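S.K.: Submitted below is the structure of interest, expressed as structure tokens.
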Amino acid sequence: MDGPSILSPTDTTEDLDGTAFRHAQNHLVGAFTTADFRSAVRLLDAVAVVADELNHHPDVRLGWGRVEFALTSHDVGGVTPRDVELALRIGEIADQLGATTE
């Protein structure tokens with residue numbers, strides 16, 4: 001059984017248009033700004049719930065009023081539809097919590 005197919009930046013352009021995420025080499029990256037550290041943690045906590053549901057977990061950088069996500073499918077060494085789905089879900093969560101894109 002073959003694994004998920006690796007997507008190129010051209011493959012993800014339409015789906016990521018208007019989101020915080022961009023396709024950079026073999027991963028998707030996106031950053032969000034929040035009002036303070038506590039709200040950044042709330043954003044990360046909400047994303048953790050969805051990541052567990054999807055069984056697909058981002059690499060995260062957390063700081064005061066900022067959360068940065070890097071998404072890749074380590075099992076195949078690149079971006080797959082799983083990463084795009086998680087990126088879109090992260091964007092929805094960020095919108096709901098009032099985070100802004102960088």
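The values are calculated or read from the model by the stated rules, or taken from the named source; none is laboratory data. This is a predicted model, so every value here is computed, not measured. A quick note on method: Cβ atoms are made from the backbone with ideal geometry, for glycine too, and the neighbour counts reach across all protein chains shown. Each accessible area value is taken on the protein alone, full model and side chains, heavy atoms only, with ligands, DNA and RNA left out. Shrake-Rupley method; radii C 1.70, N 1.55, O 1.52, S 1.80 Å.
S.K.: Quick one: is Asp83 open to solvent by 80 Å² or more (accessible area, probe 1.4 Å), assigned to a helix (DSSP H, G or I), at negative phi and of a type outside the set (A, V, I, L, M)?
M.R.: On the way: open to solvent by 80 Å² or more (accessible area, probe 1.4 Å): no; assigned to a helix (DSSP H, G or I): yes; at negative phi: yes; of a type outside the set (A, V, I, L, M): yes.
Spelling it out, it is not the case that Asp83 is open to solvent by 80 Å² or more (accessible area, probe 1.4 Å), assigned to a helix (DSSP H, G or I), at negative phi and of a type outside the set (A, V, I, L, M).
S.K.: Any residue in the stretch 6-18 that is open to solvent by less than 70 Å² (accessible area, probe 1.4 Å) sitting within a Cβ distance under 6 Å of a residue that is among the β-branched types (Val, Ile, Thr)? List the pairs, counting only those 6 or more apart or interchain.
M.R.: Close Cβ pairs (under 6 Å, with a partner that is among the β-branched types (Val, Ile, Thr)) amount to Leu7/Val79; Thr12/Val84.
S.K.: Residues of the stretch 1-35 being assigned to a loop (DSSP other than H, G, I, E, B) and under 18 Å from Asp95 (Cβ atoms), which ones? Before the answer, list the steps.
M.R.: Filtering the stretch 1-35 down to residues assigned to a loop (DSSP other than H, G, I, E, B) leaves 1-8, 17-21, 25-26, 34-35.
Asp17, Gly18, Thr19, Ala20, Phe21, Thr34, Ala35, listed by residue number.
S.K.: Is one or more of the residues making up the stretch 44-64 open to solvent by 30 Å² or more (accessible area, probe 1.4 Å), closer than 17 Å to Asp95 by Cβ and in contact with a Ser or Thr (Cβ under 9 Å, 6 or more places away or on another chain)? Spell out the reasoning first.
M.R.: Our first condition is that a residue be open to solvent by 30 Å² or more (accessible area, probe 1.4 Å); within the stretch 44-64, this holds for 44-46, 48-49, 52-55, 57, 59-62, 64.
Right, trim to closer than 17 Å to Asp95 by Cβ and you get 44-46, 49.
Add one more test, that the residue is in contact with a Ser or Thr (Cβ under 9 Å, 6 or more places away or on another chain), and what stays is none.
Looking for residues that are open to solvent by 30 Å² or more (accessible area, probe 1.4 Å), closer than 17 Å to Asp95 by Cβ and in contact with a Ser or Thr (Cβ under 9 Å, 6 or more places away or on another chain), one finds none in the stretch 44-64, hence no.
S.K.: Cβ contacts < 9 Å: first residue within 18 Å of Asn55 (Cβ to Cβ), restricted to the stretch 74-97; second residue modelled with pLDDT under 95 and of a type in the set (Lys, Arg), any location; separation 6+ or different chain. Result?
M.R.: none
S.K.: Using beta carbons and a limit of 7 Å, which pairs, at least six apart or on different chains, have the first residue in the stretch 21-44 and on the phi > 0 side of the Ramachandran plot and the second one open to solvent by 20 Å² or more (accessible area, probe 1.4 Å)?
M.R.: none
S.K.: A further question follows. Of the residues Arg42, Arg38, Arg61, only one is over 11 Å from the mean Cα position of the chain (by Cα), assigned to a strand (DSSP E or B) and among the basic types (Lys, Arg); which?
M.R.: Among Arg42, Arg38, Arg61, only Arg61 is over 11 Å from the mean Cα position of the chain (by Cα), assigned to a strand (DSSP E or B) and among the basic types (Lys, Arg).
S.K.: Here is a further query. Please work out which one of (1) touching a Pro at 6+ places or on another chain (Cβ under 6 Å); (2) of a type outside the set (Lys, Arg); (3) open to solvent by 20 Å² or more (accessible area, probe 1.4 Å) is the condition Phe69 fails and give its number.
M.R.: Against the list (1) touching a Pro at 6+ places or on another chain (Cβ under 6 Å); (2) of a type outside the set (Lys, Arg); (3) open to solvent by 20 Å² or more (accessible area, probe 1.4 Å), Phe69 comes up short only on (3).
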